[in-house]
1. Less than 10 Å Cβ to Cβ from Thr97, Lys/Arg counted +1 and Asp/Glu -1: what total charge do the surrounding residues give?
2. Using Cα positions and a limit of under 27 Å, work out the lysines in reach of Lys237, with same-chain residues fewer than 8 apart set aside.
3. If the viscosity is 1.002 mPa s and the temperature 20 °C, what Stokes-Einstein diffusion coefficient in µm²/s follows for the chain when Rh is the Kirkwood radius over Cα pairs?
4. Inverting the mean 1/r over all pairs of different Cα atoms, compute the Kirkwood radius of segment 346-475 and quote it in Å.
5. Would you kindly state the longest site-free stretch of the chain, with sites defined as chymotrypsin sites (Phe, Trp or Tyr not before Pro) in a DSSP loop (not H, G, I, E, B) surrounded by at most 12 other Cβ atoms within 10 Å?
6. Give, as a single signed number, the net charge of other residues whose beta carbon lies under 14 Å from the beta carbon of Gly236, with Lys and Arg counted +1 and Asp and Glu -1.
7. Between 0 and 90 degrees, rounded to the nearest ten: what's the tilt of helix 387-396 against the longest Cα principal axis of the chain?
8. For the chain, the longest stretch holding no GluC sites (Glu not before Pro) located in a DSSP loop with at most 15 other Cβ atoms within 10 Å is which?
Amino acid sequence: MCRDASLECGACKCLLTIEPMTQLDLHRVFDLQYQASRAQVDVPLLVRRERLLRMQKLLDEHGPVLAAAVQADFGMRSPRLTEMVELFVLRNLLKHTLRHLARWSGRQRVRTPLMLMPGRGWIERQPLGVVGVISPWNYPVQLALGPAITALAAGNRVMLKPSELTPHTSAQLAALVGQFFAPEEFAVIEGDVSIATQFSGLHFDHLLFTGSTAVGRRVAQAAAAHLTPTTLELGGKSPCIISTDCDLKEAALKIAHGKLVNAGQTCIAPDYVLLPRGQEAEFAEAFRTAARRLFPRFAGNPDYAAILTKRHLARLRQMLRQAQGMGAHVEWMEDGGAGQESADTAWGDAVERQMAPALVFNATSQMQLMQEEIFGPILPVISYDRLDDVVSAINAGPRPLALYWFGRDEKVRDAVLSRTISGGVTVNDTLLHFAHENLPFGGVGDSGWGAYHSEQGFARLSHQKAVFVQSRWSGASMLYPPYGARFDRIMELMRRWL
């Protein structure tokens, strides 16, 4: 990492500074946005569209620079991977939002009940004001700018606090956002955990957080002091169910892709597999073949991301050591599971953090890897005998952010979906419900609440103001006191209409 103030980083050509963000700076930016949001309550459609077009220009002109910054933070993560899982997703979100912005922003007509006719009603979607976004390190561009795009579309001002664990990307976001947006429109706040703590305690009109469940609880508590509504996109142990009638080779390829994209550092990655008993060896071979097809090698392969830090890597290895010590069987996708440590040192520290994938059999609920979200290329495989056992196992734990089901029998599929609750579901693949532009994305229970994709996300970051316009021909005055026989007759007539 660059250490000198205003030193150009050779990896991504960004300017990193060591000037810390102060509490005064944080409140100055918030006050600027707060006053602007109150001075211009109604944000015209033309202004919203122009802000989105500026965001589009930012991505079109500086996407490669952002990808290079992500590469610098991870040490090993192909710009092509960033283009696919971050920049492409954002471009698609922008295109979809611009296409539907006029309809989403307009009055939402509603039917008027008979007893209130000939009055009429509608819903006005207004900007909330200032929306705070706290984004994580694993997809540091997409999960920062995605919520911001929806918030800007809804007419809000946005303050973004990106992760301090991806300093190159955060610095580049701050520089580019400052270039394309005025601070009263959209501002990026850099800083460490102390700044993030102060940030979450600001009197936002809405606060959106993406990260771990543990930190999400603290963010919700800080926001509650001001009754700030929150959207929490958290994690959890997302199960992947393999039915007895599925094509195991095809399923293994899709599971391997969903698990190993970004080396498992994905909130909706399959966290563990539920497999019909007796298919363990076949699945292990199919998964190994699939992993090798996707990544002919792991160490030194830029398409296979490094674990972000040595601390994160140490946690993953500790989980495996504990599982082995408690009787689990670990199958590495490389001999001994340590091939990355002997790779070409020209890649430096990043190669050492390219952890080879591992399957874990005989895992139990007492093991750390079955109690915590793994967030790495480790995949426990749990054998089951009956579908009821699968449903019971899932429902015994916190509700997951995602659930995956592989099989052909639609009745069995529907039985699983109706008997379990998860944030979202992809059938016969992984991850793709996140990419569907007309589906909301969000968690439930410990995996979060609220959604920020699609029209539901736009509505979440808008105030849904109810408006009723009374007609001059209204007969409502006939129900005013004093009450008497006429009132009784009218009420009896209305009860018959209901």
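The values are calculated or read from the model by the stated rules, or taken from the named source; none is laboratory data. Computed from a predicted model, the values in this text were never measured in an experiment. Positions of Cβ are generated from backbone atoms using ideal geometry, with glycine treated the same way; all protein chains shown enter the neighbour counts. These accessible areas exclude ligands, DNA and RNA; they are computed on the full protein's heavy atoms, side chains included. Shrake-Rupley method; radii C 1.70, N 1.55, O 1.52, S 1.80 Å.
1. Working: positive: Arg48, Arg49, Lys95, Arg99; negative: Glu437, Glu455.
Within the 10 Å Cβ shell, the charges total +2.
2. Lys161, Lys249, Lys254, Lys259, Lys310, Lys411
3. Numbers: Rh = 24.7 Å.
Translational diffusion coefficient: 87 µm²/s.
4. Values: mean 1/r = 0.0541 Å⁻¹.
About 18.5 Å for segment 346-475.
5. On the way: sites that count: Trp473, Tyr483.
That gives 1-472 as the longest site-free run.
6. Values: positive: Arg217, Lys237, Arg399; negative: Glu233, Asp271, Glu372, Glu373, Asp446.
For residues surrounding Gly236, the net value is -2.
7. 70 degrees
8. On the way: sites that count: Glu164, Glu437.
Result for the longest clean stretch: 165-436.
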